[in-house]
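In what follows, a structure is listed as structure tokens, so that the remarks can point back to it.
No value in this document is a laboratory result; all are computed from the given coordinates. Fair warning: this is a prediction, and the values are worked out from it, not measured in the lab. Reconstructed Cβ throughout: ideal geometry from the backbone, glycine too, with neighbour counts over all protein chains shown.
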Amino acid sequence: MRKIWFSLLFISLIIVGIILLFENNNIQTNEIKTITTSSSEKTEENKESEENKVDNQKKTMIFASDKKISTENLTLLDSYSVDVNKDGLEDVIEMYTSAMRNSNGEMMWDDGQNWLLIVKEKDHVYVLFEGYVQLGTIKYRVFTEGEQNIFHLLAIRTGSAEMVITDYIYNKEDNGFEQKVIYNPDFVNSLHISQ
């Protein structure tokens, strides 16, 4: 009788072991599915991130501002006259900052300041950039492209943790600037800037 009882106990233990092994495999299978799902979700997130980068390159238009643009209490850093819209009249590109000059005319830069980049055309003002730049600057380059002399203003905004290159292209048909963000990485750690 003892032999039968031990045999039944042994068979029961084997069955319990098989059941536990099967359940453990199911748990591992679920974990793999979860990992796969997480991996798919990350892939979807990457796809969305890629789409956002592509979205940045979609057409964004900047039209003349409806509000009065005040440059009071701002320091003019640069001004350049050029006929942007080819109407025979000079337009003016101006770049301002909230940093002030000392009595010697030298800039008194802070850790960050507000910047304003505008194009004045007759009675219209186009605000290309208005915002705060932390530990950085804005530089711009004006040029024309191709036989049609398409007007471009290329702005480079740099800081300790950002580097954004934006192309503003004048569109005569829409009477505004098409804004294209050419370069804007998610993370930048600036190591060196040449003089």
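Cβ-to-Cβ counts within 10 Å put Phe177, Phe63, Phe129 in ascending order as Phe63, Phe129, Phe177, the fewest first.
Could you pull out the pairs from Lys67/Lys139; Lys122/Lys172; Lys67/Lys172; Lys59/Lys120; Lys68/Lys172 whose alpha carbons sit more than 20 Å apart here? Pairs exceeding the cut-off: Lys67/Lys139; Lys67/Lys172; Lys59/Lys120; Lys68/Lys172. So what's the net charge close to Tyr80: Lys and Arg +1, Asp and Glu -1, counting the other residues with Cβ under 15 Å from its Cβ? In short, -3.
Taking amide H as placed 1.01 Å from N in the peptide plane, Leu128 has its amide H under 5 Å from the amide H of Leu117, Ile118, Val119, each at least 5 places away in sequence or on another chain.
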